[in-house]
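Participant: Here you go, one structure.
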Amino acid sequence: MNLLVYLGHPAHFHLFKETIKSLQARSVKVTIVIKSKDVLEQLLKDSRLPYINITAGISENKRPFDAYKNFYLRLKRLAKIIRQTKPGLMIGSAAELTVLGKLFGIRSFVFFEDDFEAVKKFAKIAGPFATRLICPNCCSAWKWEYKKTGYDSYHELAYLHPNHFTPDPEKVRNIFGNSPRNFILRFAKLTAYHDVGKSGINTAIAQQLIDLLSPHGTVYITSERELEPQFEKYRIRISPLDIHHAMYYADMYIGDSQTMTAEAAVLGTPAVRFNDFVGELSYLEELEHRFQLTYGIRTSEPDKLLKTVENLLKHPDLKTEWQNRRKVMLDQRIDLAGWMTELVGNDLKMGLR
């Protein structure tokens, strides 16, 4: 049984890593293909998982036409790998899989967490060509609901569920030290096609947050974008594989990244998101309004951001309350990695009949 897994973002590595291991233990031959993004390649190297980088030598998008050119180049390279490995199923979160799956007559499963209406360019390719669209029950597959397979969980619970993640204080002892409280700020790049017209934490807001948090503890920054010189001293020095341990033990997370906001939330760390996607993504709305694990604030309300952080700083037992809220959430949500392993494994078996 051959499976092709396509990873295009560090979050996809985490999403599929437990399922990959479980399927390999069942004698499934797994080919991992990646598209360079942030620390994705480093995560694969640190995990000692073999992979093929199909964007090696391809320059980043600098002009509108480059996006289409690079998409074609990825299709061409991925097609060659498909011919060589002959997968019975392809899974990932990339539109390329669905196009080539249709062309080669291979089933393709697209896993996503953003409502399709919020990522229309991706949806208009993945929707028509994918065999199955797999997402949390709360998310929308837009025009392709008939292809949707839903579940009661979140991507982040494929790797941060207690069945797979045990926080280790030793991994952050040398980082957090003896500081009474620790705060993590995350700055996303917001340069993907679906980020057009969206903004997040700018230099002024970042400085205001640091000024607000610093009297109460130590500030650490993890950034996808290039940091301004004055913020370099706050950069967290930690292996990408260990960042979730730091997030678990942090007293608060504030950022403009969707994924890391959800990660902090499911870990039971108070999470505040500041960007223009607020109100548009169902899974984050559910984490906020059903489980009260996170706050979403649009960039038009910077004063609300600062006031929310200030109020959280005044909370007498913040982490304990959030851990209790996390327990409520975990009682109602499944271990996604286990569910995915059965879904993919059963489909591969069916393909052999």
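Participant: Looking at the stretch 21-31, is at least one residue more than 21 Å from residue 103 (Cβ to Cβ) and of a type in the set (Val, Ile, Thr)?
Facilitator: The answer is yes; a qualifying residue exists.
Participant: While we're on this one: Filter the stretch 267-289 down to residues that are free of Cβ contacts under 8 Å to residues at least 24 places away in the same chain and among the aliphatic types (A, V, I, L, M), then give me how many there are.
Facilitator: Residues that pass the stated criteria total 1.
Participant: Among the residues in the stretch 255-266, are any part of a strand (DSSP E or B), closer than 21 Å to residue 306 by Cβ and in contact (Cβ under 8 Å) with a residue 12 or more places away in the chain?
Facilitator: yes
Participant: In the stretch 112-148, what count of residues is obtained for those that are outside any helix (DSSP H, G or I) and either hydroxyl-bearing (Ser, Thr, Tyr) or under 19 Å from residue 96 (Cα atoms) (or both)?
Facilitator: 14
Participant: Of the conditions (1) more than 17 Å from the chain's Cα centre (by Cα); (2) more than 23 Å from residue 217 (Cβ to Cβ), residue 173 clears all except one; give me its number.
Facilitator: Answer for residue 173: the failing condition is (2).
Participant: Which residues, taken from the stretch 84-108, are farther than 23 Å from residue 141 by Cβ and free of Cβ contacts under 8 Å to residues at least 12 places away in the same chain?
Facilitator: 84
Participant: Kindly provide the set of residues from the stretch 154-176 that are of a type in the set (Val, Ile, Thr), in contact (Cβ under 8 Å) with a residue 12 or more places away in the chain and out of contact with any His (no Cβ under 6 Å at 6 or more places or on another chain), ordered by number.
Facilitator: Once the filter is applied, which keeps residues that are of a type in the set (Val, Ile, Thr), in contact (Cβ under 8 Å) with a residue 12 or more places away in the chain and out of contact with any His (no Cβ under 6 Å at 6 or more places or on another chain), the stretch 154-176 yields only 175.
Participant: For the stretch 268-275, state whether one or more residues are farther than 28 Å from residue 142 by Cβ and either surrounded by fewer than 18 Cβ atoms within 10 Å (Cβ to Cβ) or among the hydroxyl-bearing types (Ser, Thr, Tyr) (or both).
Facilitator: yes
Participant: Still on this model: Can we say residue 320 is in the same structural domain as residue 271 (by TED's automatic domain parsing), crowded, with 16+ Cβ neighbours inside 10 Å and in a helix (DSSP H, G or I)?
Facilitator: no
Participant: Given the conditions (1) surrounded by fewer than 16 Cβ atoms within 10 Å (Cβ to Cβ); (2) in contact with a Ser or Thr (Cβ under 9 Å, 6 or more places away or on another chain); (3) small (Gly, Ala, Ser), and given that residue 255 satisfies all but one, which numbered condition is not satisfied?
Facilitator: Against the list (1) surrounded by fewer than 16 Cβ atoms within 10 Å (Cβ to Cβ); (2) in contact with a Ser or Thr (Cβ under 9 Å, 6 or more places away or on another chain); (3) small (Gly, Ala, Ser), residue 255 comes up short only on (1).
Participant: Might you check whether a residue that is in the same structural domain as residue 212 (by TED's automatic domain parsing) and in contact with a Gly (Cβ under 9 Å, 6 or more places away or on another chain) occurs anywhere in the stretch 334-347?
Facilitator: For the stretch 334-347, residues in the same structural domain as residue 212 (by TED's automatic domain parsing) and in contact with a Gly (Cβ under 9 Å, 6 or more places away or on another chain): absent.
The values are calculated or read from the model by the stated rules, or taken from the named source; none is laboratory data. On a predicted model such as this, the values are computed, not experimentally measured, just so you know. Please note: Cβ atoms are built from the backbone with ideal geometry, for glycine as well, and neighbour counts cover all protein chains shown.
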